[in-house]
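Colleague: Have a look at this one.
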Amino acid sequence: MESQKKFAMSPSILAELGDAVSETQIFRDEVTLLCPKHRLLEVLQALRDTQQFDMFTFATCVDYYPGEPRFGILYQLYSTTRNIRVRVKVMLSGNDRSVPSACSVYHAANWPEREMYDLFGIHFEGHPDLRRIMMPPGYEGHPLLKENPAKVEEVAFSFNRARAWEDKPHPQE
Amino acid sequence: MAVREPDQQIKESPGSVVSAQDTQMDITLDQLRQLVSPRALSGETMLMNMGPQHPSTHGVLRLLLELDGETVVSCVPDIGFLHTGIEKTAEIKTYTQGIVLTDRIDYLAPLICNLAYVGAVEKLADVDVPLRAQYIRVILAELTRMSSHLVWLGTHALDIGAMSMFLYSFREREMLLDIFEMVSGARMMTSYFRVGGLWRDIPDQFADAVRQVLKLLPQRLLEYEKILKENPIWRERTVGVGVISQADAIAWGMSGPSLRGSGVNYDVRKAMPYSSYDHFDFSVPLGTHGDVYDRYRCRMEEMTQSLKIIEQALNKLPDGPVITDNRKIAPPPKHEIAYSMESLIHHFKLWTEGFRVPVGEVYHAVESGKGEFGVFISSDGSPKPRRIHFRAPSFYNLQALPQMSKGALIADIVGIVGSIDIVLGEVDR
């Protein structure tokens with residue numbers, strides 16, 4: 001962990017991004033840039049073109065329920081030439097689950113955005129192929145939202161068969 | 001060329017030969033138009049399904065191939081058949097219980113997944129790991145990398161037609177699995193690393209067993225080279241196949257040997273060393289052409305480098321504890337519980353509630369056999385994570401498959417899929 005510290009990113013180089021970045025958070029030497037959603041593509045474009053963040057590491061979504069704004073969409077970038085990482089984060093309200101797609105800036109955003117659409121129901125405007133990716137065709141709902149409790153299904157034995165089957169999403173017969 | 005009888009000639013939709021139902025995907029005809037060329041809808045090219053039950057897709061990968069004769073026009077991977085909801089399950093497990101889930105992500109390299117996960121929690125909780133534990137982690141991670149590469153080598157060669165390679169590489173893998181069984185009690189689902197160190201110290205026979213591997217494997221690797229390296233059939237099937245350029249490989253977020261085969265020098269062990277990788281001297285093999293053969297060469301040479309790291313770590317292995325003495329994170333030793341009230345309380349708290357970590361979000365990446373395996377944790381301060389996301393290298397490497405297979409022959413698809421070394425447990429999570 002010690003060795004990772006010297007690769008931390010200096011916040012000063014982000015001055016160039018100007019007011020597109022509303023807040024800079026640093027936790028455990030990891031830099032997170034918060035930006036409003038209408039300026040997301042602008043920030044990503046600037047990081048890719050002027051700051052050499054050429055590699056798209058991953059993107060994911062965090063559900064902060066019951067907090068508001070409820071969703072955080074994160075894009076983690078890496079620069080192969082400068083050997084540093086940065087995270088760009090957009091906060092979304094629970095009532096407005098749409099964000100511009102980053103596919104036009106990073107090709108690699110395609111599948112992660114489909115995954116967020118599938119598991120969280122976030123709509124990515126301008127995504128070339130927004131379909132479910134993990135869940136089966138015809139599945140309803142978005143499993144990683146906090147309103148779907150993660151729970152263990154009761155195993156059906158002869159003594160509890162009726163009760164156990166009540167709990168299953170697709171009851172017997 | 002897909003030849004059709006005149007009476008089957010295609011009319012424009014809705015009477016088109018290709019319907020959304022034909023593809024069995026959750027897809028409308030309009031979406032299908034985005035994915036394949038217009039020639040497929042007019043019947044000039046053929047849409048063909050490959051997988052998910054196919055021996056050369058390394059699990060349950062499904063590909064929708066558009067073929068012009070034997071040439072692949074476009075390739076649409078369809079994943080999710082092995083989705084097990086690991087990220088959702090992790091939200092109801094404490095940080096210690098979560099280790100067990102990580103074995104199941106990349107089940108061919110469980111110890112590296114363990115290492116990424118405990119590394120992320122250690123970063124979040126700001127825990128220091130004793131040096132002995134770090135070195136043992138390195139030895140086991142490198143043995144895991146070799147066992148993962150051996151499975152890749154065997155199955156990849158089998159796909160292309162070199163049957164005997166499979167038998168040899170699985171024979172050697174057995175030696176490595178015996179070592180994992182010796183330290184953790186399980187061949188594959190090891191769960192050996194703990195937050196702050198290791199579950200227990202290595203047994204006495206460990207060093208001898210590893211030295212045996214160090215002695216045997218170099219000559220076995222030479223045998224593998226004799227079978228494949230200059231084999232004309234192997235070279236015909238791999239050289240110049242599935243080429244991806246340096247810029248494309250970066251743009252698609254590829255990592256690991258699949259990225260280094262294109263000549264990009266990015267290895268997390270070198271770029272951002274973790275677990276004392278900076279104490280060891282090793283090099284990162286790079287390819288130049290970005291084809292199947294170069295990716296094969298990168299992995300073969302990586303195995304030699306792994307042996308080099310293991311030897312150094314074993315020679316320098318320090319004495320000392322194997323788990324942190326921070327009692328808020330690691331359980332107290334059994335004998336202490338008998339006479340210390342405080343230890344008993346710690347033990348009770350750890351096994352009932354788990355430990356608490358600060359509020360925050362961290363990302364920690366390690367180099368797995370497939371590429372950059374990362375763990376992102378969002379914590380709300382409770383003993384269970386708010387959200388865990390696993391950055392699976394195969395997920396991003398597989399995303400580049402359409403790019404690599406454009407214009408390839410259909411027979412080469414199995415070679416290209418094999419060369420990016422996917423594990424579907426990791427792709428679908």
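The values are calculated or read from the model by the stated rules, or taken from the named source; none is laboratory data. Only a predicted model underlies this, so the values are computations on that prediction, with no experimental measurement involved. Glycine gets a Cβ as well: all are built from the backbone with ideal geometry, and neighbour counts include every protein chain shown.
Colleague: Can you tell me how many residues within region B:84-130 are in a loop (DSSP other than H, G, I, E, B) and crowded, with 22+ Cβ neighbours inside 10 Å?
Modeller: Final tally of qualifying residues: 6.
Colleague: Same structure again: Name, by its number, the condition in (1) within 22 Å of B:Asp421 (Cβ to Cβ); (2) in a helix (DSSP H, G or I); (3) within 13 Å of chain A (Cβ to nearest Cβ) that does not hold for B:Phe81.
Modeller: The one condition B:Phe81 does not meet is (2).
Per-residue answers, yes or no, for (1) in contact with a Phe, Trp or Tyr (Cβ under 8 Å, 6 or more places away or on another chain); (2) among the basic types (Lys, Arg); (3) at the interface with chain A (Cβ under 8 Å from one of its Cβ atoms); (4) free of Cβ contacts under 8 Å to residues at least 40 places away in the same chain:
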position	(1), (2), (3), (4)
B:Val357	yes, no, no, no
B:Gly360	yes, no, yes, no
B:Val366	yes, no, no, no
B:Val375	yes, no, no, no
B:Gly381	no, no, no, yes
B:Pro385	yes, no, no, no
B:Ile388	yes, no, no, no
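Colleague: Taking B:Arg299, is it away from chain A (no Cβ under 14 Å), part of a helix (DSSP H, G or I), in contact with a Ser or Thr (Cβ under 8 Å, 6 or more places away or on another chain) and not aromatic (Phe, Trp, Tyr)?
Modeller: Taking the combined requirement at face value, the residue does not satisfy it.
Colleague: Give the residues of region B:108-144 that are more than 18 Å from B:Glu181 (Cβ to Cβ) and more than 14 Å from chain A (Cβ to nearest Cβ), sorted by residue number.
Modeller: Residues satisfying the conditions are B:Tyr117, B:Arg132, B:Tyr135.
Colleague: While we're here: Where the second residue is surrounded by fewer than 21 Cβ atoms within 10 Å (Cβ to Cβ) and the first is part of a loop (DSSP other than H, G, I, E, B) and lies in region B:173-187, which pairs have Cβ atoms under 8 Å and are six or more apart or on separate chains?
Modeller: Short answer, once both residue conditions are applied: B:Arg187/B:Leu177; B:Arg187/B:Asp178; B:Arg187/B:Glu181.
Colleague: State the number of residues belonging to region B:325-347 that are touching a Gly at 6+ places or on another chain (Cβ under 8 Å) and modelled with pLDDT of 90 or more.
Modeller: Number of matching residues: 0.
Colleague: Scanning for something under 30 Å from A:Arg82 (Cα atoms) and among the hydroxyl-bearing types (Ser, Thr, Tyr), does region B:233-249 turn up at least one residue?
Modeller: Checked region B:233-249: at least one residue is under 30 Å from A:Arg82 (Cα atoms) and among the hydroxyl-bearing types (Ser, Thr, Tyr).
Colleague: If you go through region B:243-283, how many residues are in contact (Cβ under 8 Å) with a residue 40 or more places away in the chain, over 14 Å from B:Leu398 (Cα atoms), away from chain A (no Cβ under 11 Å) and hydroxyl-bearing (Ser, Thr, Tyr)?
Modeller: Adding up the residues that qualify gives 1.
Colleague: Also, quick follow-up: Please identify the pairs in which a residue from region A:142-167 that is away from chain B (no Cβ under 12 Å) and closer than 30 Å to A:Ile73 by Cβ has its Cβ atom under 8 Å from the Cβ atom of a residue that is outside any helix (DSSP H, G or I) and at pLDDT 75 or above, counting only partners at least 6 apart or on another chain.
Modeller: Cβ pairs passing all conditions: A:Glu147/A:Tyr65.
Colleague: Could I ask something else about it? Could you please give the count of residues in region B:45-78 that are in contact with a Ser or Thr (Cβ under 9 Å, 6 or more places away or on another chain), farther than 25 Å from B:Leu153 by Cα and assigned to a loop (DSSP other than H, G, I, E, B)?
Modeller: Result for region B:45-78: 2.
Colleague: What residue, of B:Asp294, B:Asp319, is charged (D, E, K, R) and under 21 Å from B:Ala209 (Cα atoms)?
Modeller: Every option except B:Asp319 fails the conditions.
Colleague: Moving to a separate point now. Condition first: of a type in the set (Asp, Glu), modelled with pLDDT under 60 and part of a helix (DSSP H, G or I). Can you find one or more residues in region B:20-32 that meet it?
Modeller: Checked region B:20-32: at least one residue is of a type in the set (Asp, Glu), modelled with pLDDT under 60 and part of a helix (DSSP H, G or I).
Colleague: Taking B:Lys270 as meeting all but one of (1) over 26 Å from B:His156 (Cβ atoms); (2) out of contact with any helix residue (DSSP H, G or I) (no Cβ under 6 Å at 6 or more places or on another chain), write down the number of the exception.
Modeller: (1)
Colleague: Could you check region B:193-224 and list, in sequence order, the residues that are part of a helix (DSSP H, G or I) and free of Cβ contacts under 8 Å to residues at least 40 places away in the same chain?
Modeller: If the condition is that a residue be part of a helix (DSSP H, G or I) and free of Cβ contacts under 8 Å to residues at least 40 places away in the same chain, then B:Phe206, B:Asp208, B:Ala209, B:Gln212, B:Lys215, B:Gln219, B:Leu222 are the ones that fit.
Colleague: May I ask you to verify whether B:Gln8 is among the polar types (S, T, N, Q) and either crowded, with 20+ Cβ neighbours inside 10 Å or modelled with pLDDT of 75 or more (or both)?
Modeller: Spelling it out, it is not the case that B:Gln8 is among the polar types (S, T, N, Q) and either crowded, with 20+ Cβ neighbours inside 10 Å or modelled with pLDDT of 75 or more (or both).
Colleague: Of all the residues that make up region A:104-137, how many are more than 10 Å from chain B (Cβ to nearest Cβ), over 14 Å from the mean Cα position of the chain (by Cα) and not in a loop (DSSP other than H, G, I, E, B)?
Modeller: The number of residues fulfilling the criteria is 2.
Colleague: State whether the residues of region B:141-153 include one that is over 27 Å from B:Ile99 (Cα atoms), out of contact with any Pro (no Cβ under 8 Å at 6 or more places or on another chain), among the polar types (S, T, N, Q) and surrounded by 14 or more Cβ atoms within 10 Å (Cβ to Cβ).
Modeller: Looking through region B:141-153, none of the residues is over 27 Å from B:Ile99 (Cα atoms), out of contact with any Pro (no Cβ under 8 Å at 6 or more places or on another chain), among the polar types (S, T, N, Q) and surrounded by 14 or more Cβ atoms within 10 Å (Cβ to Cβ).
Colleague: When only residues in region B:333-368 that are of a type in the set (Ser, Thr, Tyr) and closer than 30 Å to A:Cys61 by Cβ count, which is surrounded by the most Cβ atoms within 10 Å (Cβ to Cβ)?
Modeller: If we take residues in region B:333-368 being of a type in the set (Ser, Thr, Tyr) and closer than 30 Å to A:Cys61 by Cβ, then B:Ser368 is surrounded by the most Cβ atoms within 10 Å (Cβ to Cβ).
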